[in-house]
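Peer 1: Handing you this structure, nothing more for now.
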Amino acid sequence: MIKGTPELIAGRREEIINACENLYQTMSFREITLKEIGSVVPFSRPTIYNYFQTKEEICLALYKREYDRWNEELAAVLSAHDTLSARQLAEAIASSLAKREQLLKLLAMNNYDMEANSRREMLASFKTSYGKSLRLTQMLLEKFRPEMSAADIRQFIYMFFPFMFGIYPYTSVTEKQREAMKAAGVEYSYQSVYEITYNCLIRLLAGGDAKEA
């Protein structure tokens with residue numbers, strides 16, 4: 001059992017998650033280790049094990065926090081408007097994701113390994129935040145697109161959420177990747193997170209015909 005006040009426990013968890021987030025700016029998931037994380041937190045590495053057993057659990061906690069932050073954005077859209085056109089709704093959701101590059105980067109990682117190497121309670125906590133994103137998206141569609149049936153909304157979610165896994169690789173491209181595409185003779189028009197997300201959303205909301213939006 002972890003000793004300390006709830007404030008101390010929460011503060012140390014945040015420090016560990018923040019350390020992982022900072023390392024993730026310059027290192028890949030594979031390169032990040034508990035030793036690396038332990039080298040940047042202001043307490044001994046063994047202390048980390050009081051809060052997380054694996055690096056996957058730390059990344060999962062970061063993943064959860066990113067979903068929580070996105071949920072705040074979605075909830076703000078839901079409460080701030082009485083009506084939104086399909087185009088306005090697409091703009092609002094695309095804008096919210098454009099601020100969440102860290103979430104998109106985590107989505108592009110190997111979720112199977114991250115979840116497989118985390119304890120059940122950690123996974124349940126993460127799934128709670130993920131589930132809230134699903135519910136908020138459903139609520140946005142129910143409120144602002146009343147013409148969509150329950151089946152339409154379910155199909156939207158099953159198409160858009162898997163699509164999110166590919167946003168980061170298509171919008172964050174290294175110079176080496178650009179050179180490889182050029183050498184392979186593959187023509188590709190790179191888009192921003194907002195552009196690629198908006199173009200997907202407007203077609204889903206318009207039933208495949210963007211002109212209807």
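Peer 1: Mind listing the phi-derived Karplus ³J(HN,Hα) values for segment 126-141, rounded to whole Hz, using 6.51, -1.76 and 1.60 with θ = phi - 60°, and x for any glycine or proline?
Peer 2: Once rounded to whole Hz, the list reads 5, 5, 4, 5, 4, x, 5, 4, 4, 5, 5, 5, 4, 5, 4, 5.
Peer 1: Can you tell me how much longer the chain between PHE165 and HIS81 gets when fully stretched, taken as 0.36 nm per residue apart minus their C-alpha distance, in nm with one decimal? List each step's numbers first, then the result.
Peer 2: On the way: separation 84, 0.36 × 84 = 30.24 nm, distance 2.80 nm.
Additional length available on full extension: 27.4 nm.
Peer 1: Could I ask something else about it? Between beta-carbons, use under 13 Å as the cut-off and find the net charge around THR137, counting Lys and Arg +1, Asp and Glu -1.
Peer 2: Result for the local shell: +2.
Peer 1: Continuing with this model, one more query. Among PHE29, GLY4, VAL41, whose Cα lies farthest out toward the positive end of the dipole of segment 1-51, if unit charges sit on the beta carbon of Lys, Arg (+1) and Asp, Glu (-1)?
Peer 2: GLY4
Peer 1: Here is a follow-up. What stretch of the chain, leaving out the sites themselves, is the longest with no GluC sites (Glu not before Pro) in a DSSP loop having at most 13 other Cβ atoms within 10 Å? Intermediate results must be reported in sequence, preceding the final value.
Peer 2: Values: sites that count: GLU31, GLU147, GLU187.
Longest site-free region, per DSSP loop and neighbour criteria: 32-146.
Peer 1: Using the Karplus curve 6.51 cos²θ - 1.76 cosθ + 1.60 with θ = phi - 60°, work out ³J(HN,Hα) for each residue of segment 51-68 in order, rounded to whole Hz, and write x for Gly and Pro.
Peer 2: Per-residue couplings from phi come out as 10, 9, 8, 9, 5, 4, 5, 5, 5, 5, 5, 5, 4, 4, 4, 5, 5, 4 Hz.
Peer 1: A follow-up question, please. If you consider only alpha-carbon coordinates, what radius of gyration and Dmax does the chain have, in Å?
Peer 2: Rg then Dmax for the chain, in Å: 19.5, 59.
Peer 1: Now a separate question. Given labels modelled 7 Å from the Cα in the Cβ direction, how far is it in nm from GLU147 to TYR194?
Peer 2: Rounded to a tenth, the inter-label distance reads 2.7 nm.
Peer 1: Round to a whole angstrom and tell me the spacing of the C-alpha centers of segment 75-101 and segment 13-31.
Peer 2: Centre-to-centre distance over Cα atoms comes out at 29 Å.
Peer 1: How big is the charge dipole of the chain about its Cα centre, in debye rounded to the nearest 20, if each Lys and Arg gets +1 on its Cβ and each Asp and Glu gets -1 on its Cβ?
Peer 2: Details: 27 positive and 27 negative charges, 92 e Å.
In debye, rounded to 20, the chain gives about 440.
Peer 1: Under the rule of -39500 (n - 2.57) per DSSP H run of 4 or more residues, summed and divided by the residues of the chain, what mean residue ellipticity at 222 nm is obtained, to the nearest 500 deg cm²/dmol? Show your work: numbers first, answer last.
Peer 2: Values: 12 runs with 147 residues, N = 213.
The helix contribution divided over the chain gives -21500 deg cm²/dmol.
Peer 1: Right, something else. Return the sequence-ordered ³J(HN,Hα) values of segment 33-41 in whole Hz as given by the Karplus equation 6.51 cos²θ - 1.76 cosθ + 1.60 applied to θ = phi - 60°, using x for Gly and Pro.
Peer 2: 10, 5, 5, 5, 5, x, 6, 10, 8
Peer 1: Can you pull out the trypsin sites (Lys or Arg not before Pro) in segment 47-105 that DSSP calls coil and that have at most 15 other Cβ atoms within 10 Å? Don't skip to the end; give the middle numbers.
Peer 2: Values: sites: LYS55, LYS64, ARG65, ARG69, ARG87, LYS99, ARG100, LYS105; in loops: LYS99, ARG100.
Sites meeting the loop and neighbour criteria: LYS99.
Peer 1: Here is a follow-up. Show the residues, 5+ positions off or on another chain, whose built amide H is closer than 5 Å to the amide H of ILE32.
Peer 2: So ILE32 has HN proximity to no qualifying residue.
Here, each number is a calculation from the coordinates, and none is a lab measurement. Quick caveat, the model's predicted, so the values are computed rather than measured. We place every Cβ from the backbone using ideal geometry, glycine too, and count neighbours over all the protein chains shown.
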